[in-house]
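Please read the structure below before turning to the comments.
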Amino acid sequence: MTRLAELSSLIRSKNAGPFVLTFDIMFPDEESYGRVKRSGLLNAAHFAELFRLPPEQVRFFVCDNARAFKFSIPRPLTQGDLADGDLHGGQQFIPLMDIDIP
Amino acid sequence: MNEIRYIAASGALGAGVDAGALDRALALEPHFIASDAGTTDAGPFSLGGGQPAFPREAVKRDLTRVLLASRKAGIPALIGSAGTAGGDPHVDWVLDIAHEIVAEHDLSLRTAVIRSEQSKDYLVGLYREGRIRPLDPAPPLDEAVIERSARIVGMMGAEPLQEALEGGADFVLAGRCSDPALYAALPIMRGLPAGLAWHAGKVTECGTMACEGGRGGVITATIRDHEAIIAPFGDGVRCTPQSIAAHTLYENGDPYLHKECSGTLDLTRSQYEAIDERSVRITGSAFIPSNDYTVKLEGAERIGYQSIMVGGIRDPYIIRRLDQWLAEVEAHIYAIVERVLGLGRREWTLTVHVYGRDAVMGDLEPDPHAISREVGIVVAATAATQELATKAAQLTRQPFLHHGVPEWMGGITSFACLHNPAHIDRGAVYRFNLNHVAVPRTKTEMFRTEFLQLGSAK
């Protein structure tokens, strides 16, 4: 088992406009990308479980030519709302780091 | 061969333009230079407050470089989403800077100023005709939302820019504008494929962020009938098929489908191919025209005025029962504010951010119970006026300072204030209140173009 953080070259989160939060997972080579893709562990249901969201809120994309996976969710709070603690949405990806990939 | 070449000078006017790389890129003999100058990523304050997110000096330095390069090459310069939010005060702010640059460098610019701020009466009219539609997810909308907005802008597509270019503008200064539209306008006007033009715009609108291997530089594109070539100029900066493909993910909810006013850019069948060690060929991108012409709306409303207090707690007796301690402190604060200021719980907002627990991730925090040995706390009081917000923040200090725990007998001082005075006034605070599109009656009615002569005509 290897943590996703160690197989990927970048895991990031970011606003996609003020109302959507998006997560990108990228890889340095085809081998590590293929290994994660074959594991099937990146999917909307797993993401929803990690972030305690209803699965129907999670959009999941496989992007072969970018060697990347992408998740998008409605922002839990609109960007800049009073209780929002991450204006740019850049620090929300942490639970993805610890996914164990066989 | 029909082709259009251009330079994207920067991903954000004010964040830096690499003057050396820009000068070298002129060897491409581009047809125009452009730079995006705005984003919602700076938050609702810029739109609501009518303020830019960059200092004037930074925008002036970058705009000077763009305008001087465009004059040297004798080609138009386009700036979109002026002054961060692209409202009228933002456009005026950049126009004022442009006047200064023109005077200092003795330039002559036929300038097209395109405004995208929307009148409330106009939008209420569209709303009543069912011409404002929600995107997903969208906050609730009624006429009251429009009326209480501080400012609403419409995001222009390629059409108003094309009109400005057809009108012979040397300098197009646009309010809120689709970033790729800045780059797609001229190639589409010259009959090149919309899919490639929009896709190249999408790739280049963030400057060299779509590249790897270095900092700075500028990015260029060449649009032809069957391909778009993306090539950066700059020390060690290069594009690879993977870096270009990956960039279409950045800040987009959907990596394949990108909505514009006149249709949808579809990257499902896009192909990326290395030409040499620094440039990439894009083929296969499609643009699907839509039946309705839609203009994305961005709005901000003032939610009040704010004052904050910053401090920390290190006492392990408090930290091990922090949630309960905070609940008691908050109840105490609400009671005092009601007693002293007559403000009930619905008349002001108390927000407590606990760094070291879950301030960064909020409800998404997977492990809110793993609290560090020291927590940072930001207390925010938001009320209808700054005076009330300041007074409410002042009233938060004593409860935080002296609220006890059972383990200690006698008076304790439980909260380490960072500042003196402990509170900081933040002024007006805003929220985004629209995630909607307008369906205007005509493609151009939401945008107002004015031609001006900057500097003496030559």
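Taking amide H atoms as placed 1.01 Å from N in the peptide plane, the amide H of B:S279 lies under 5 Å from those of B:C239, each 5 or more residues away in sequence or on another chain. Looking at the stretch B:102-150, which GluC sites (Glu not before Pro) are DSSP coil and have at most 15 other C-beta atoms within 10 Å of their C-beta? When the GluC sites (Glu not before Pro) of the stretch B:102-150 are filtered for loop state and at most 15 Cβ neighbours within 10 Å, B:E129 remain. With both residues required to sit in the protein assembly as shown, DSSP beta bridges show an antiparallel share near 85%. Per the Debye formula on identical point scatterers at the alpha carbon atoms of chain B, with no solvent, log10 I(q)/I(0) at q = 0.06, 0.11 Å⁻¹ is -0.33, -0.93. How would you classify the stretch A:2-96 from its alpha-carbon gyration tensor, with a ≥ b ≥ c the square roots of the eigenvalues: rounded for a/c under 1.5, else prolate if a/b is greater than b/c, otherwise oblate? In terms of gyration-tensor shape, prolate. Our estimate of slack between B:Q324 and B:D96, defined as 0.36 nm per intervening residue step minus the Cα-Cα distance, is 76.7 nm. For the pair A:D29 and B:V360, a Förster radius of 22 Å applied to the C-beta separation gives a FRET efficiency near 0.10, rounded to the nearest 0.05. Once the C-beta distance of A:Q57 and B:M409 is scaled by a Förster radius of 60 Å, the resulting FRET efficiency is 0.75 to the nearest 0.05. For A:P28, what is the net charge nearby, where nearby means another residue's Cβ is under 13 Å from its Cβ and Lys, Arg count +1, Asp, Glu -1? Net charge around A:P28: -3.
Loop-located GluC sites (Glu not before Pro) in the stretch B:194-279 (DSSP state other than H, G, I, E, B) with a sparse environment of at most 15 neighbouring Cβ atoms within 10 Å: B:E277. With R₀ set to 45 Å, the beta-carbon distance separating A:L10 from B:H369 gives a calculated FRET efficiency near 0.95. Checked against a 26 Å cut-off, the cross-linked pairs A:K14/B:K72; A:K37/B:K259; B:K120/B:K296; B:K202/B:K443; A:K14/A:K37 give Cα-Cα distances beyond that limit for A:K14/B:K72; A:K37/B:K259. By the gyration tensor of its Cα atoms, with a ≥ b ≥ c the square roots of the eigenvalues, what is the shape of the stretch B:193-253: rounded for a/c under 1.5, prolate for a/b over b/c, or oblate? Note, shape of the stretch B:193-253 comes out oblate.
Relative to the longest principal axis of the Cα atoms of chain A, the long axis of helix A:30-39 makes an angle of roughly 80 degrees. Only beta bridges with both residues in chain B are counted; by DSSP, about 80 percent of them are antiparallel. Sequentially through the stretch B:358-363, phi angles give Karplus couplings (6.51, -1.76, 1.60; θ = phi - 60°) of 8, 4, 7, 9, x, 5 Hz, Gly and Pro residues having no value and appearing as x. When a 1.4 Å probe is rolled over the protein heavy atoms, the share of accessible surface on chain B that falls to carbon and sulfur comes to 49 percent.
Excluding B:C261 itself, what net charge comes from residues whose Cβ is under 11 Å from its Cβ, given Lys and Arg +1 and Asp and Glu -1? With Lys, Arg at +1 and Asp, Glu at -1, the neighbours total 0. Solvent exposure of the protein assembly as shown, expressed per residue, is 41 Å² of accessible area, with all protein chains present and a 1.4 angstrom probe.
Taking all protein chains together and rolling a 1.4 Å probe, B:Y317 ends up with roughly 70 Å² accessible. For A:S13, the accessible surface of its heavy atoms amounts to roughly 10 Å² (probe 1.4 Å, protein chains only, rounded to the nearest 10). Surface calculation, 1.4 Å probe, protein heavy atoms: A:F69 sits at approximately 0 Å² accessible. The residues packed around B:I97, meaning those with a beta-carbon under 11 Å from its beta-carbon, carry a net charge of -3 if Lys and Arg are +1 and Asp and Glu are -1.
Taking θ as phi - 60° and the Karplus parameters 6.51, -1.76 and 1.60, the scalar couplings of the stretch A:69-74 work out to 10, 9, 10, 9, 9, x Hz in sequence order, x denoting glycine and proline. The interface between chain B and chain A buries about 3200 Å² of solvent-accessible area in total (1.4 Å probe, ligands and nucleic acids excluded). Hey, any idea what Rg/Rh is for the protein assembly as shown, computing Rh the Kirkwood way over Cα pairs? With Rh from the inverse mean 1/r over Cα pairs, Rg/Rh is 1.00. Rounded to the nearest 500, the 222 nm mean residue ellipticity of chain B from helices alone is -9500 deg cm²/dmol, with -39,500 (n - 2.57) taken per DSSP H run of at least 4 residues. Judged by the ratio a/c of the largest to the smallest principal axis of the C-alpha gyration tensor, the stretch B:1-143 counts as prolate, that ratio being 1.5 or greater while a/b is larger than b/c.
Rounded to whole Å, give me the distance from the Cα center of the stretch B:239-287 to that of the stretch A:8-83. Cα centroid of the stretch B:239-287 versus Cα centroid of the stretch A:8-83: 18 Å apart. Along each principal axis, taking the top coordinate minus the bottom one, the Cα set of the stretch B:291-442 gives 73, 38, 25 Å in descending order.
Close amide H partners of A:Q92, meaning residues 5 or more places away or on another chain with modelled amide H under 5 Å apart, are A:S13.
The values are calculated or read from the model by the stated rules, or taken from the named source; none is laboratory data. Quantities reported herein were computed from a predicted structural model and do not represent experimental measurements. For neighbour counting, all protein chains shown are included, and Cβ atoms are generated from backbone atoms with ideal geometry for every residue, glycine included. Accessible surface areas use protein heavy atoms only, side chains included; no ligands, DNA or RNA. Shrake-Rupley method; radii C 1.70, N 1.55, O 1.52, S 1.80 Å.
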